[in-house]
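First comes the structure, then the notes that go with it.
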Amino acid sequence: MSVNQNHATLPGFDRTALRVNQAAVIVLLLVAFIADLPWLAATTAIIMALGTISPSLALFQRLYRDVLRPAGLLRPDIHQEDAAPHRFAQGMGATVLILASLALFLGAPTVGWALALLVVALAAINLVFGFCVGCFIFFQIQRLVHSR
Amino acid sequence: MIERLLIIILVAVVIALAWMAIRAWRAQHLRSLAHKTPFAGIIPPGKPAVVGFSTPGCVECRTRQAPALARLSANLGDQVTVRTLPVSEYPHLVDHLGILTAPATVVIDATGVVRFVNLGFADAEKLATQVNSIAHPVHNRSDPQTAACQG
C-alpha cells in the first residue's frame, strides 16, 4: 500500500458562500443583458476581480456572511476543501467579464454580451450541475506544470 | 427586450442539451471500460483495489483523500489493495478513465476491470460500500458507474 498520510488540515470552505456568489453573478449579468446596462456588467466584473484578489473584498460573499447567514436565511455548508481552484475559477470569470466590459464600452456589443453570457453559462453549470469548469482548467494546468 | 429574453432561454436550452450530451458520452465511455483492464501491470489482480489519483498541488488529496484511503485500508485490511498514483506519471491512464479533477478514485474488481470512478473526494465509507458491492455482488456484474464531484 502506498498511501500518503499527511494529516494537515484545511480551513473550512463554505459552499453556500460560493453558491450565493454564483447566483448573484448570474442575476446581475442577466439583468444587465436584458436591460442593456453595460455599466452593471462592468460593476460585476470589478466585484468579481476584487473578490479574487482578496476574499475579504468579495462583496457577494460578504453579503452572505454578514447579512444572509446571521439572519438565518441561508445555512452554511462547510467542507474541508481547497479554495484555490474556486478562486482560480472566479479569476477566470472576472477576466472574461472585464474583456466583455471593454468590448461593450468600445462599441462591440455582440462580442461583449456573448462573453458576458459565457460567464453566466459557466456560473449556471456550476450552480445547477455542480461542475466547476474553472476548477477543471485548474486541474489541467496543474497536470501540465507537474508533467514537465 | 423580448428578443434578449429569447436569447437567454436559447442559451439555457443549449446548456441543458450540452450537459445531457456530456453525461451520455461519459456513460458510454465508462461502458467501454467494462471489458478492459487499464491497471494491468500497475495493480496486481486477485482482489479488489481502490486507486486514488492526486496532483502535488492538490491540498484536498493530502488532507482528505489520503486519510480516507488510509482508513479504508485499515478497515478492510487484506481484502483490498489501496494505492495512490500521481496524475503526472500516468497521463494516458487519466485520459483513458476520463478523470477530470483531483482527487479522484477508481475502484477495480479482482480481475482488474474498472467498476466505479469517483470524481472528487470520496470518503472511506463510500469506497468500502463500492468494494463490498464487488466482493459480494447482489446481482450480475453491471456496467461501470461514475460519480461526479461537487464544485
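Any read-out appearing in this document is the output of simple, stated calculations on the displayed coordinates, not a laboratory observation. The shown structure was predicted, so the numbers you read here are calculated from the model rather than taken from an experiment. Note that each Cβ is placed from the backbone with ideal geometry, even for glycine, and that neighbours are counted across all protein chains shown.
Short version: ³J(HN,Hα) in whole Hz for each residue of segment B:62-78, in order, from phi by Karplus 6.51 cos²θ - 1.76 cosθ + 1.60 (θ = phi - 60°), x for Gly and Pro, what are they?
7, 8, 10, 5, 4, x, 5, 5, 5, 5, 4, 5, 5, 6, 9, x, 6
Among A:Gly72, A:Gly112, A:Gly130, which one shows the biggest mean-square fluctuation in a GNM of chain A, springs joining Cα atoms closer than 10 Å?
A:Gly72
Which order results if A:Phe105, A:Phe138 are arranged by neighbouring Cβ count within 10 Å, fewest first?
A:Phe105, A:Phe138
Run the quick spin-label model on B:Asp95 and B:Ile8: label points 7 Å from Cα toward the beta carbon, then report their separation in nm to one decimal.
The modelled label-to-label distance comes out at 4.1 nm.
List the DSSP H helices in chain A whose Cα atoms stretch 27 Å or more along the helix axis and whose mean Kyte-Doolittle hydropathy is at least 1.6.
Once both thresholds are applied, what remains is A:15-34.
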